[in-house]
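Written out below as structure tokens is the structure these notes cover.
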Amino acid sequence: MSTVTIEAAQTRVPERTTETTAVEDAPPGSFVITLIIRRYIPELDDEPRWEDFDVRVLPTDRILDALHKIKWEQDGSLTFRRSCAHGICGSDAMRINGRNRLACKTLIKDLDPSKPIYVEALKGLPLEKDLVVDMEPFFEAYRQVQPFLIASSAPPARRERTQSPVARERFDDTTKCILCAACTSSCPVFWTDGQYFGPAAIVNAHRFIFDDRDEASQVRLDILNDKEGVWRCRTTFNCSEACPRGIEITKAIQEVKQALLTGKAS
Amino acid sequence: MSLKSTQLPTPTPSGSRTLNPTSLRSRRFSLPRRPAGTVYRGREGMWSWVLHRITGVGIYFFLLVHLLDTALIRVSPEAYNAVINTYKNPIMGLGELALVAAIGFHGLNGLRIILIDFWNVGTRNHRLMFYIVIALWVVLLLGFAPRHLMHVFGGGA
Ligand code: SF4
Ligand code: FES
């Protein structure tokens, strides 16, 4: 191997890197947006504060990509939850421009990039740090509705419990929940009354109440007949509009109310 | 004890916790102070609920006063008349208009809520029903307001 080739390679490499970096830094079609993030670091801040960040993004990027860029390139202390980054784990629900959405499902081009984009933590749950809230009250309500199959009989030997397509269809919508809390923390009743079960718990109760393999519908209906149960719902539809899975939550709540009135879960 | 992941500089002592970790580098902070949080941007459903609440509370306080002044007739008809006469001024006239507007909205939206709860396609059409409520309400006020304001400001009677 001659030294000439090595030198040639050495001179060529940096050139290419700069080019690539230039394109990587500002890909064609990209532009700069301003994110205004409500930050709170308990060790340092008495009060949450707003902070601005400029990020270069593509229209097809998501808010999550912008948050990643900030965390990785500008300020490593920015804290938020995310796991799957593909809208299925329910980790990254937050308030984007005043509405609850998943950061990983909100495309820049669906927002107005000429205006700053406001990002803040979910409302109504205790703020822990930056965009992270304490989800415990949310999961506590979820656990209380007993979100699991309750059946006294064992399934048929070496087979699963079968169900007709029609019976499955009855509760299909509410099986889609990913427990992101976008609905519960968009509910004005939940903001003022943290004891309210909240839409997500009712959605997950609905999923078993209307499942014909389950035997504890009445138990769950009794739980939701509480003062803090379904009757707290004021049909503001914030939950239905916030749900990233497009679950018709208010409809599900209405069906539970109906089942309570008529005394049958059909 | 393990360090916090942020490993931030310790805040200045004696309670003045104003040091921001990010201000160590020059950074644009949003000034002047912004509100604590943004207002949740709910849509028709949320605002109809807000209006329903406001009109509901308003009507409640009206009813309270109304019960009291009507009860006066048991005290003496003169006292009742005296109180009712103080109502006959333009400010009360506008108040009456507001009362009709509030009751109109509360009643019509109440029907909408009943339909949402008891009619199984109601939840899918709540937005349309909200606009119908607003349309009916405007028609109601267009019928009532001109006549009423003529009475109040028309000099006569
Ligand atoms: S119902 Fe929708 S918004 Fe609510 S927790 Fe489940 S997925 Fe999230
Ligand atoms: S990161 Fe999993 S849902 Fe957004």
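Read the figures in this text as sums done on the coordinates, not as results from a lab. Fair warning: this is a prediction, and the values are worked out from it, not measured in the lab. Cβ coordinates were reconstructed from backbone atoms using ideal geometry, including for glycine residues, and neighbour counts include every protein chain displayed.
Within the option set A:ALA181, A:ALA242, being buried (at least 20 other Cβ atoms within 10 Å of the Cβ), at positive phi and touching a strand residue (DSSP E or B) at 6+ places or on another chain (Cβ under 7 Å) holds for one residue only, A:ALA181. When residues in the stretch A:74-121 are screened for being β-branched (Val, Ile, Thr), away from ligand 1 (no atom under 15 Å from the Cβ) and under 14 Å from the mean Cα position of the chain (by Cα), 1 of them pass. Taken over the stretch B:70-103, residues that are part of a helix (DSSP H, G or I) and without any contact (Cβ under 8 Å) to a residue 40 or more places away in the chain amount to 19. Is it the case that the stretch A:145-158 has a residue that's within 16 Å of ligand 2 (Cβ to nearest atom) and among the basic types (Lys, Arg)? Within the stretch A:145-158, not a single residue is within 16 Å of ligand 2 (Cβ to nearest atom) and among the basic types (Lys, Arg).
Set side by side, the residues A:ALA157, A:ALA167, A:ALA216 differ, and just one is surrounded by fewer than 24 Cβ atoms within 10 Å (Cβ to Cβ), in contact (Cβ under 8 Å) with a residue 60 or more places away in the chain and away from ligand 1 (no atom under 16 Å from the Cβ), which is A:ALA216. Determine which single condition A:SER185 fails, assuming it passes every other condition in (1) within 14 Å of another protein chain (Cβ to nearest Cβ); (2) within 16 Å of ligand 2 (Cβ to nearest atom); (3) not in a helix (DSSP H, G or I). If we test A:SER185 against (1) within 14 Å of another protein chain (Cβ to nearest Cβ); (2) within 16 Å of ligand 2 (Cβ to nearest atom); (3) not in a helix (DSSP H, G or I), just (3) comes out false.
Any chance the stretch B:107-116 includes a residue that's more than 14 Å from chain A (Cβ to nearest Cβ), surrounded by 15 or more Cβ atoms within 10 Å (Cβ to Cβ) and among the charged types (D, E, K, R)? No, the stretch B:107-116 contains no residue that is more than 14 Å from chain A (Cβ to nearest Cβ), surrounded by 15 or more Cβ atoms within 10 Å (Cβ to Cβ) and among the charged types (D, E, K, R). Restricting the stretch A:221-250 to residues that are away from chain B (no Cβ under 14 Å) and within 16 Å of ligand 1 (Cβ to nearest atom), the residue that is nearest to A:LYS176 (Cα to Cα) is A:ARG245.
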